[in-house]
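In what follows, a single structure is set out as structure tokens and then discussed.
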Amino acid sequence: MKKGKILLNISNLNDIEKYKKLGISNFLFPLKDYSIGYTSFTLEEISNFGCECYILANRLLKDTEIDEFLKLNIPKNIKGFIIEDTGLYYALKDKEYELINFQNHLNNNYITINYWLKYFTSVVISTDITSEEIEKILKESSKPLILNTVGYPMIMYSRRHLVSNFYKNLKEPVRSKEDVVIPNTELSFKFVESEYGTVAFDKKIIDLRQFAKTVDESKIKFFLFNTEFMVFETVEQLIKGNTIENSTTGFLDKKTIYKVGDI
Amino acid sequence: MIELLSPAGDMERLKFAYLYGADAVYLGGTSFGLRANATNFDDEELKTAVEYAHNLKKKVYVTVNIVFHNEDLDGLCEYLKFLSSIGVDAVIVSDPLVISTIKKENIDLEIHLSTQASTLNSRAVKFYMNEGVKRIVLAREASREDIKRIKKETGVDLECFIQGAMCTSFSGRCVLSNYATNRDSNRGGCAQVCRWIFKNDENRDFTIMPKDLNMITNIQSMIEDGVNSFKIEGRMRSIYYIATVLHTYKKIIDKIMTNSLSDEYIKYAENIINRVANRESVSQFYDALPTENEQYYSGRKEESNQDFLGLILDYKDQMATIEVRNYFKIGDRVQIFGPTMKTQEFTIEKIYDNEGNDIDLCNHPKEIIKIPVPFECEINSMMRTKVFDIFTEI
């Protein structure tokens, strides 16, 4: 995996220079008020970064929020946007930015991905599918794609304030994060709430680096490294190709069941 | 045209839906639909369902709304052509590959965009209208202001959920089921993990489950704001649930159209709906973001009731022939409601078994009995326990 193909999201501005020294040159900044589940940054902070970078806007949006987005003074160093909402795509489609489709959990087959590639520069492939499915998608895709390679997977996105509501109901001090387990299983999730809703993450890091070594890099635009909840030292190990603890290959070798009758 | 849109998990539910006021039903075939647990319709049943609906001048929409994997692509084109050939009125889709297949193959099918696409703004609607989508089923997170703006800016045919269970997350943006059970939530296998009880790091219960949706109080404003189709959730619900919910909402819509809806009737309708749903229901996102009052906290508070006492199979000479559904006895005060009849109540004074013998009570579901009823009953009307006084028009 060429380091030049790693796209790394920033969760701590102090780490940028350290990542650069490790050979990383592509950076992704979650945008304040338009992203969810990530440490986010203002346009001023992103502008101060100076180098070309991408912005993550992964929220589902109302018209009034897109109206506000269109009033933003986008810095010149923004190369493109990685977005979830089709309406935001529609609002930006005639501007000179790379637009990348990141509809989490929905980009699971090559026809859907090629459909989006008629409109977008690239598409982020779902992490909910097997290695065979990803290989087929890469083989059939009409443009290079983004492989969600490393990170805690976001597995649920709600507009509700699930954590604070829970504690308001108990009349206890409100929290914005909650770590939970499913009793009698080894499964544990992290719920993170913001003004814009609640997301849940699996508490194991998805690590597809070994698989990434086997794919045709000409079909890859970026290997996405999501560093949220990780300390620099962990990310450093990931970039250097070392093994890390608490990781999984997710659904790479584990096909999900289509219907209950299939069990 | 205001459309009342009902779920239909099988042919029996479909017939009761139309009987009790549905203008259209949505249903799934045996493939490509998100309710894998429902009985659903095989190809022959789909054909029968469409013929049945069209004879009544009603509509059938077929869900083709899974999120497809590569392996699911085989047979899709043929299935869509089949749906076109039998004259289904629209397909409800979420994955754009279905849209592209319909366009590429020039298949004559109207396309409705599923709530799984989580559409919240007019720009997304314009994108999909350009792709040939005729109707948008809005995200359940859409507020009144969102609905008004989308209608104003696009004029698109809008469908909104008005009753039933809610996802905790944006529809489609959740794979808790995949992680917890390996069952694919976006391909019909959702295990409803959001309704489980978790343990937090203090070993205390933690839950995230929402109450149901209920838009009884908002139907008038939704009509004013341009919503065209009012959708009820629940393809796996009973005929009693479907009949009661449709009967109630149909009356609400009729009263709005005749300018005769009163606050008292709305209150009565809310009581009926809350009773049949077994779960508390609220307006959710329509006026404001859900608060702590729109969630459940210590498990699903389902109070299962046995209100549905029997189905009226026949009525002749003041004697109703009834298929028993739940326990009742002589002396019980009951109500009968039907598709067009006035809801009325009476006290059971006599019960006869299938051979004409006097009996005191009924406790065998599906048993056929006869009861003297002092008013005319429609076939397929339903007898229920009297819980509330019948609403009396002033």
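The values are calculated or read from the model by the stated rules, or taken from the named source; none is laboratory data. Values in this document were obtained by computation on a predicted structure and should not be read as measured data. With ideal geometry, Cβ positions are generated from the backbone for all residues, glycine too; neighbour counts draw on all protein chains shown.
Could you identify the single residue in B:GLY33, B:GLY87 that is in contact (Cβ under 8 Å) with a residue 24 or more places away in the chain, surrounded by fewer than 17 Cβ atoms within 10 Å (Cβ to Cβ) and in a loop (DSSP other than H, G, I, E, B)?
B:GLY87
For A:LEU252, all conditions in the list (1) facing another protein chain (nearest Cβ under 10 Å); (2) at pLDDT below 95 hold save one; what is the number of the exception?
Every condition holds for A:LEU252 apart from (1).
Going by what's in this entry, would A:PHE189 be described as within 30 Å of A:THR243 (Cβ to Cβ) and among the aromatic types (Phe, Trp, Tyr)?
So A:PHE189 passes the test.
Give me the strands (runs of 3 or more DSSP E) completely within region A:178-263, filtered to those with at least 1 residues that are without any contact (Cβ under 8 Å) to a residue 24 or more places away in the chain and among the polar types (S, T, N, Q), ordered by residue number. Write out each step before concluding.
Values: elements: A:188-194, A:197-202, A:205-207, A:220-225.
Of the strands (runs of 3 or more DSSP E) lying wholly inside region A:178-263, those with at least 1 residues that are without any contact (Cβ under 8 Å) to a residue 24 or more places away in the chain and among the polar types (S, T, N, Q) span A:188-194.
Go through region B:106-165 and count every residue that is more than 25 Å from A:ASP94 (Cα to Cα), within 13 Å of another protein chain (Cβ to nearest Cβ) and free of Cβ contacts under 8 Å to residues at least 40 places away in the same chain.
Number satisfying all stated conditions: 3.
Given the structure, is B:PHE68 assigned to a loop (DSSP other than H, G, I, E, B), over 28 Å from B:GLU153 (Cα atoms) and either at pLDDT 95 or above or aromatic (Phe, Trp, Tyr) (or both)?
When the stated conditions are applied, B:PHE68 passes them.
Out of all the residues in region A:56-75, is one or more at pLDDT 95 or above, surrounded by 17 or more Cβ atoms within 10 Å (Cβ to Cβ), of a type in the set (S, T, N, Q) and not in a loop (DSSP other than H, G, I, E, B)?
no
Specify the residue that is surrounded by the fewest Cβ atoms within 10 Å (Cβ to Cβ); the eligible residues are those in region A:176-212 that are farther than 29 Å from A:GLU133 by Cβ and more than 9 Å from every other protein chain (Cβ to nearest Cβ).
A:ASN184
Just name the residue that is modelled with the lowest pLDDT out of those in region B:210-268 that are within 25 Å of B:ASP157 (Cα to Cα) and in a strand (DSSP E or B).
B:ASP212
Restricting to region A:87-131, and then to whatever is in contact with a helix residue (DSSP H, G or I) (Cβ under 6 Å, 6 or more places away or on another chain) and small (Gly, Ala, Ser), can you tell me which residue is nearest to the other protein chains (Cβ to nearest Cβ)?
Selected residue: A:GLY87.
The conditions are (1) at pLDDT below 95; (2) within 27 Å of B:GLY172 (Cβ to Cβ); (3) within 20 Å of the chain's Cα centre (by Cα), and B:CYS194 fails exactly one of them. Which is it?
Only one criterion is unmet by B:CYS194, namely (3).
Is there a residue in region A:101-120 that is surrounded by 19 or more Cβ atoms within 10 Å (Cβ to Cβ), among the basic types (Lys, Arg), out of contact with any Pro (no Cβ under 8 Å at 6 or more places or on another chain) and not in a helix (DSSP H, G or I)? Write out each step before concluding.
Taking region A:101-120 as the starting set, the residues that turn out to be surrounded by 19 or more Cβ atoms within 10 Å (Cβ to Cβ) are A:101-113, A:115-116, A:120.
From what's left, among the basic types (Lys, Arg): none.
No - not one qualifying residue is present in region A:101-120.
Being small (Gly, Ala, Ser) and loosely packed, with under 14 Cβ neighbours inside 10 Å, is that true of even one residue in region B:322-344?
Just the residues of region B:322-344 that are small (Gly, Ala, Ser), to begin with: B:331, B:338.
From the residues that got through so far, the ones that are loosely packed, with under 14 Cβ neighbours inside 10 Å too are B:331.
Checked region B:322-344: at least one residue is small (Gly, Ala, Ser) and loosely packed, with under 14 Cβ neighbours inside 10 Å.
Name the pairs whose Cβ atoms lie under 9 Å apart, with the first residue in region B:187-209 and more than 7 Å from every other protein chain (Cβ to nearest Cβ), the second acidic (Asp, Glu) and surrounded by fewer than 18 Cβ atoms within 10 Å (Cβ to Cβ), and 6 or more positions between them or separate chains?
Every condition considered, the pairs that remain are B:ILE197/B:ASP205.
Looking at (1) more than 7 Å from chain A (Cβ to nearest Cβ); (2) surrounded by 22 or more Cβ atoms within 10 Å (Cβ to Cβ); (3) touching a residue at least 24 places away in the same chain (Cβ under 8 Å); (4) within 21 Å of A:ASN58 (Cα to Cα), which one does B:ILE102 not meet, given that it meets all the others?
Going through the list (1) more than 7 Å from chain A (Cβ to nearest Cβ); (2) surrounded by 22 or more Cβ atoms within 10 Å (Cβ to Cβ); (3) touching a residue at least 24 places away in the same chain (Cβ under 8 Å); (4) within 21 Å of A:ASN58 (Cα to Cα), B:ILE102 breaks only (4).
Give region A:80-100 a look and list any residue that's surrounded by fewer than 18 Cβ atoms within 10 Å (Cβ to Cβ) and either touching a residue at least 60 places away in the same chain (Cβ under 8 Å) or within 22 Å of A:LEU8 (Cα to Cα) (or both), or say none.
A:TYR97, A:GLU98
Quick one: A:ILE134 ticks every box in (1) more than 10 Å from chain B (Cβ to nearest Cβ); (2) closer than 19 Å to A:MET1 by Cβ bar one, so which box is it?
It fails just one condition, (1).
How about region A:25-40: which of its residues are farther than 20 Å from A:VAL163 by Cα and of a type in the set (A, V, I, L, M, F, W, C)?
Within region A:25-40, A:PHE27, A:LEU28, A:PHE29, A:LEU31 qualify.
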